[in-house]
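The values are calculated or read from the model by the stated rules, or taken from the named source; none is laboratory data. Everything numeric in this text was worked out from a predicted model, so none of it was measured. Here the Cβ positions follow ideal geometry from the backbone for every residue, glycine too, while neighbour counts run over all protein chains shown.
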């Protein structure tokens with residue numbers, strides 16, 4: 001039986017987590033019917049994945065440190081450093097709430113997570129797909145992969161693999177969630193999707209001033225049939241680069257495309273065809289169209 005003081009600390013933290021979950025999902029415009037996403041945020045202890053405090057919090061002018069190691073500081077819409085020297089953080093909860101709502105993970109689905117970090121959003125995916133589903137997470141940084149493996153030890157439906165999720169074969173799946181900026185919807189991602197499978201990833205341009213990652217958008221691609229893909233941008237986004245998922249020439253073309261400000265007109269992805277007048281931007285063997293898929 002928990003001591004009274006310990007029980008009060010647990011109840012206080014659970015209250016913070018519950019309020020955080022409701023606040024983040026409400027701000028993301030998540031439907032009240034999507035209780036599974038609310039529950040996933042409320043039941044996932046962010047402090048486990050952030051490591052011991054005090055914590056460094058990312059801001060526009062650099063990192064600042066929380067005054068103490070009270071986990072309550074983590075239950076805000078903030079980016080928490082897990083490897084600040086590499087500019088790697090646990091990403092913004094509001095953006096991820098928007099993305100996870102758009103990805104619409106169903107119970108029993110198989111999910112691939114590229115760029116797992118220490119596993120926080122992998123844990124959310126594991127909660128969403130449930131005990132009858134599975135999540136295979138890829139993390140290229142060895143120390144982060146090891147931390148993710150430890151952090152996810154209680155999630156029996158989640159597996160962490162220490163390698164790039166942008167190279168080599170991926171398991172067939174219902175959804176792929178990428179948390180590193182790429183310059184293309186990679187063939188290995190698209191080919192892994194089952195019918196009605198969804199790929200959500202940051203399509204990001206060349207770096208901005210000071211070498212900071214350029215602002216792009218979270219692109220949601222749905223496999224409508226074997227060779228037909230619907231596509232739309234869910235939100236703007238900035239991510240660290242995806243190792244093995246970037247091409248300098250395409251990154252410059254994307255910079256021009258995003259600067260036009262019309263990215264929300266995208267409606268479909270075309271593969272291995274010649275771009276026409278509806279092309280928003282094109283890469284090697286793919287292009288995004290402002291026309292619906294046919």
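Among the residues making up the stretch 110-127, those that are crowded, with 22+ Cβ neighbours inside 10 Å, in contact with a strand residue (DSSP E or B) (Cβ under 8 Å, 6 or more places away or on another chain), more than 13 Å from residue 178 (Cβ to Cβ) and in contact (Cβ under 8 Å) with a residue 40 or more places away in the chain are 118, 119, 120, 123.
Answer yes if at least one residue in the stretch 185-205 is assigned to a loop (DSSP other than H, G, I, E, B), surrounded by 19 or more Cβ atoms within 10 Å (Cβ to Cβ) and in contact with a helix residue (DSSP H, G or I) (Cβ under 9 Å, 6 or more places away or on another chain), and no otherwise. Within the stretch 185-205, one or more residues are assigned to a loop (DSSP other than H, G, I, E, B), surrounded by 19 or more Cβ atoms within 10 Å (Cβ to Cβ) and in contact with a helix residue (DSSP H, G or I) (Cβ under 9 Å, 6 or more places away or on another chain).
Regarding residue 41, is this residue in a helix (DSSP H, G or I), surrounded by 17 or more Cβ atoms within 10 Å (Cβ to Cβ), on the phi < 0 side of the Ramachandran plot and free of Cβ contacts under 8 Å to residues at least 60 places away in the same chain?
Details: in a helix (DSSP H, G or I): yes; surrounded by 17 or more Cβ atoms within 10 Å (Cβ to Cβ): yes; on the phi < 0 side of the Ramachandran plot: yes; free of Cβ contacts under 8 Å to residues at least 60 places away in the same chain: no.
No.
Restricting the stretch 262-272 to residues that are modelled with pLDDT of 95 or more and part of a loop (DSSP other than H, G, I, E, B) leaves a set whose member that is surrounded by the fewest Cβ atoms within 10 Å (Cβ to Cβ) is 262.
One residue is enough: does the stretch 51-58 have a residue meeting the conditions surrounded by 21 or more Cβ atoms within 10 Å (Cβ to Cβ) and modelled with pLDDT of 95 or more? Yes; the residues of the stretch 51-58 include at least one that is surrounded by 21 or more Cβ atoms within 10 Å (Cβ to Cβ) and modelled with pLDDT of 95 or more. Only residues that are assigned to a loop (DSSP other than H, G, I, E, B) and modelled with pLDDT of 95 or more were counted across the stretch 167-184, and they come to 7.
Determine if the stretch 55-72 includes at least one residue that is closer than 14 Å to residue 176 by Cα and in a helix (DSSP H, G or I). No.
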